[in-house]
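**Q** Let me begin by handing over the structure; questions about it come next.
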Amino acid sequence: QVQLVESGGGLVQPGGSLRLSCAASGSIFSINSMGWYRQAPGKQRELVAAITSGGSTNYADSVKGRFTISKDNAENTVSLQMNSLKPEDTAVYYCKVQARANYYSNGRNYWGQGTQVTVSS
């Protein structure tokens, strides 16, 4: 089993910055990808940014140029640096990790508990 612990959410004014972090622990043989999703009230959960084991990144169009995803392989952590935040970035942000528990297992998705990000003056 893999556990994810998120941190870094909060309240910030428009134009401000926040950094989210997610640490994965437990039975981890390898990590295929790590990413951040968000869900605003009344909306579906959407991809914000993802990074593969090889370091390739993918961003939602709405955050390109403002958000940066990074990972630390040694610590099994993924971070999301969010700059120039807008009110429309307000949502619960979830960390997702696709990991294998051992050599013989397939990768499966694990989700964090979510952290609230509120952008408001």
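The values are calculated or read from the model by the stated rules, or taken from the named source; none is laboratory data. Keep in mind that what you see is a predicted model, and the values were worked out from it rather than measured. Ideal geometry is used to build each Cβ from the backbone, glycine not excepted, and the neighbour counts take in all protein chains shown. When the accessible area is computed, the model is the full protein with side chains, heavy atoms only, and any ligands, DNA or RNA have been set aside. Shrake-Rupley method; radii C 1.70, N 1.55, O 1.52, S 1.80 Å.
**Q** Out of all the residues in region 32-47, which are open to solvent by 30 Å² or more (accessible area, probe 1.4 Å) and among the aliphatic types (A, V, I, L, M)?
**A** Scanning region 32-47 gives a single hit, Leu47.
**Q** Say we look at region 12-47 and pick out the residues that are more than 12 Å from the chain's Cα centre (by Cα) and of a type in the set (Ser, Thr, Tyr); which of these is farthest from Trp111 (Cα to Cα)?
**A** Among them, the one singled out is Ser17.
**Q** Could you check region 48-80 and list, in sequence order, the residues that are under 9 Å from the mean Cα position of the chain (by Cα) and either among the aliphatic types (A, V, I, L, M) or surrounded by fewer than 14 Cβ atoms within 10 Å (Cβ to Cβ) (or both)?
**A** Val48, Ala49, Ala50, Ile69, Val78, Leu80
**Q** Suppose we keep only residues that are of a type in the set (Ser, Thr, Tyr) and buried (at least 16 other Cβ atoms within 10 Å of the Cβ) within region 81-117. Which one would you say is farthest from Arg38 (Cα to Cα)?
**A** Of everything passing the filter in region 81-117, Tyr110 is farthest from Arg38 (Cα to Cα).
**Q** Further question on the same structure: Can you find even one residue in region 6-22 that is farther than 29 Å from Pro87 by Cβ and without any contact (Cβ under 8 Å) to a residue 60 or more places away in the chain?
**A** Among the residues of region 6-22, not one is farther than 29 Å from Pro87 by Cβ and without any contact (Cβ under 8 Å) to a residue 60 or more places away in the chain, which makes the answer no.
**Q** Scan region 17-40 residue by residue and report those that are of a type in the set (A, V, I, L, M, F, W, C) and within 16 Å of Ala60 (Cβ to Cβ).
**A** Selection gives Leu20, Met34, Trp36, Ala40.
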